[in-house]
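**Q** Take a look at this one; I'll ask things after.
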Amino acid sequence: DGGITQSPKYLFRKEGQNVTLSCEQNLNHDAMYWYRQDPGQGLRLIYYSQIVNDFQKGDIAEGYSVSREKKESFPLTVTSAQKNPTAFYLCASRIRQSPNEKLFFGSGTQLSVL
Amino acid sequence: AQKITQTQPGMFVQEKEAVTLDCTYDTSDPSYGLFWYKQPSSGEMIFLIYQGSYDQQNATEGRYSLNFQKARKSANLVISASQLGDSAMYFCAMREVQGWGQNFVFGPGTRLSVLP
């Protein structure tokens, strides 16, 4: 079955540590997104990638980095510069250049600080 | 400025009754899309319904319909015959074109609780 796989489901970060959240899709989608969700709030865009080796900062990119070396993969690194990383992180993808195509989401990663 | 407004933080509805979840949006782009997603406690985001800005008719998907009033910039979700499994967070989202591509802006959500 096609879909988006996020791992791990739960992740703990120690002070000063970088952690990487995995996102893999087998939907052959060009565009991929990372969103952050805080309790009781909507989703905020961290990074967006339209194609391989290209990505753009979203509204809250500070303290995060991404790479897009393969179409299927869009990992997110939460760096030590992100002082408040505790949140639920959602990865999504969609067909590029299709106006009515929805976002497909992974099941999310809950990141907590130890 | 908030681009998507959902004024109801929480809603209650009796099982088998209909419920309307409000959404208003702000954009100057003539071409945009409006989406509703459901997020159960498991955290996954489930697509419910889509409305394009040029669509003449209101979108419907099974028990879900979208009451689209373009002049008022509102896109309310109507759920008919509520079921216990409809209890979840509901997010309204707007697709907008930006210089680098297409972004999806989400509202703060409405928590719906269906009562037996």
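**Q** Do we find a residue being touching a strand residue (DSSP E or B) at 6+ places or on another chain (Cβ under 6 Å) and either of a type in the set (S, T, N, Q) or closer than 18 Å to A:Glu101 by Cα (or both) anywhere in the range A:8-16?
**A** no
**Q** Only one of these conditions is not met by B:Ser87: (1) at pLDDT 95 or above; (2) farther than 30 Å from A:Leu111 by Cα; (3) of a type in the set (S, T, N, Q); (4) surrounded by 14 or more Cβ atoms within 10 Å (Cβ to Cβ). Which number is it?
**A** The single condition B:Ser87 does not satisfy is (2).
**Q** Name every residue in the range B:100-116 that is assigned to a strand (DSSP E or B), crowded, with 21+ Cβ neighbours inside 10 Å and not β-branched (Val, Ile, Thr), in order of residue number.
**A** Scanning the range B:100-116 gives B:Gln102, B:Phe104, B:Phe106, B:Leu112.
**Q** For the range B:46-56, enumerate the residues that are under 23 Å from B:Ser113 (Cα atoms) and touching a Gly at 6+ places or on another chain (Cβ under 8 Å).
**A** Passing the criteria: only B:Tyr50.
**Q** Going through A:Ser65, A:Ser80 one at a time, which residue ends up being more than 9 Å from every other protein chain (Cβ to nearest Cβ), in a strand (DSSP E or B) and farther than 23 Å from B:Gln39 by Cβ? I'd like the intermediate steps shown before the answer.
**A** Numbers: A:Ser80 fails: in a strand (DSSP E or B).
Being more than 9 Å from every other protein chain (Cβ to nearest Cβ), in a strand (DSSP E or B) and farther than 23 Å from B:Gln39 by Cβ holds for just one of A:Ser65, A:Ser80, which is A:Ser65.
**Q** For the range B:9-50, give me each residue that is in a loop (DSSP other than H, G, I, E, B), closer than 15 Å to B:Met89 by Cα and either β-branched (Val, Ile, Thr) or within 13 Å of chain A (Cβ to nearest Cβ) (or both).
**A** Hits for the range B:9-50 are B:Pro9, B:Cys23, B:Pro40, B:Ser41, B:Ser42, B:Gly43, B:Glu44, B:Met45.
**Q** Determine which single condition B:Ser113 fails, assuming it passes every other condition in (1) under 11 Å from the mean Cα position of the chain (by Cα); (2) within 23 Å of A:Gly40 (Cα to Cα).
**A** (1)
**Q** Return a yes/no flag: does the range B:72-79 have any residue that is out of contact with any Gly (no Cβ under 6 Å at 6 or more places or on another chain), under 22 Å from A:Ile4 (Cβ atoms) and outside any loop (DSSP other than H, G, I, E, B).
**A** Kept after step one, since they are out of contact with any Gly (no Cβ under 6 Å at 6 or more places or on another chain), are these residues of the range B:72-79: B:72-79.
If we keep only those that are under 22 Å from A:Ile4 (Cβ atoms) too, we end up with none.
No, there is no match, as no residue in the range B:72-79 is out of contact with any Gly (no Cβ under 6 Å at 6 or more places or on another chain), under 22 Å from A:Ile4 (Cβ atoms) and outside any loop (DSSP other than H, G, I, E, B).
**Q** Could I ask something else about it? Hey, A:Arg13 hits all of (1) more than 9 Å from every other protein chain (Cβ to nearest Cβ); (2) surrounded by 14 or more Cβ atoms within 10 Å (Cβ to Cβ); (3) closer than 19 Å to B:Gln102 by Cα; (4) more than 12 Å from the chain's Cα centre (by Cα) but one; which does it fall short on?
**A** (3)
**Q** Now for a different question. Just checking, does the range A:28-38 include any residue being exposed (fewer than 14 other Cβ atoms within 10 Å of the Cβ) and under 18 Å from B:Gly43 (Cα atoms)?
**A** yes
**Q** Can you give me the number of residues within the range B:73-112 that are more than 7 Å from chain A (Cβ to nearest Cβ), closer than 21 Å to B:Met11 by Cα and among the hydrophobic types (A, V, I, L, M, F, W, C)?
**A** Looking only at that region, the number is 11.
**Q** Determine whether the range A:19-34 contains at least one residue that is among the charged types (D, E, K, R) and within 13 Å of another protein chain (Cβ to nearest Cβ).
**A** Among the residues of the range A:19-34, at least one is among the charged types (D, E, K, R) and within 13 Å of another protein chain (Cβ to nearest Cβ), which makes the answer yes.
**Q** Here's something else I'd like to know. If you go through the range A:92-114 one residue at a time, how many are in a loop (DSSP other than H, G, I, E, B) and either buried (at least 21 other Cβ atoms within 10 Å of the Cβ) or within 14 Å of chain B (Cβ to nearest Cβ) (or both)?
**A** The first filter runs over the range A:92-114 and keeps only residues in a loop (DSSP other than H, G, I, E, B), leaving A:95-103, A:106-108, A:114.
Among the residues that remain, those that are also either buried (at least 21 other Cβ atoms within 10 Å of the Cβ) or within 14 Å of chain B (Cβ to nearest Cβ) (or both) are: A:95-103, A:106-108.
Qualifying residue count for the region: 12.
For (1) crowded, with 17+ Cβ neighbours inside 10 Å; (2) aromatic (Phe, Trp, Tyr); (3) under 12 Å from the mean Cα position of the chain (by Cα), each residue gets a yes or a no:
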{"position": "A:Gln41", "(1), (2), (3)": "no, no, no"}
{"position": "A:Ser73", "(1), (2), (3)": "no, no, yes"}
{"position": "A:Thr77", "(1), (2), (3)": "no, no, yes"}
{"position": "A:Leu90", "(1), (2), (3)": "yes, no, yes"}
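**Q** For B:Leu66, only one of the following conditions fails: (1) surrounded by 19 or more Cβ atoms within 10 Å (Cβ to Cβ); (2) in contact (Cβ under 8 Å) with a residue 60 or more places away in the chain; (3) hydrophobic (A, V, I, L, M, F, W, C). What is its number?
**A** Condition not satisfied by B:Leu66: (2).
The values are calculated or read from the model by the stated rules, or taken from the named source; none is laboratory data. Please read all numbers here as calculations on a predicted model, not as lab measurements. No Cβ is skipped: glycine too gets one built from the backbone with ideal geometry, and neighbour counts run over all protein chains shown.
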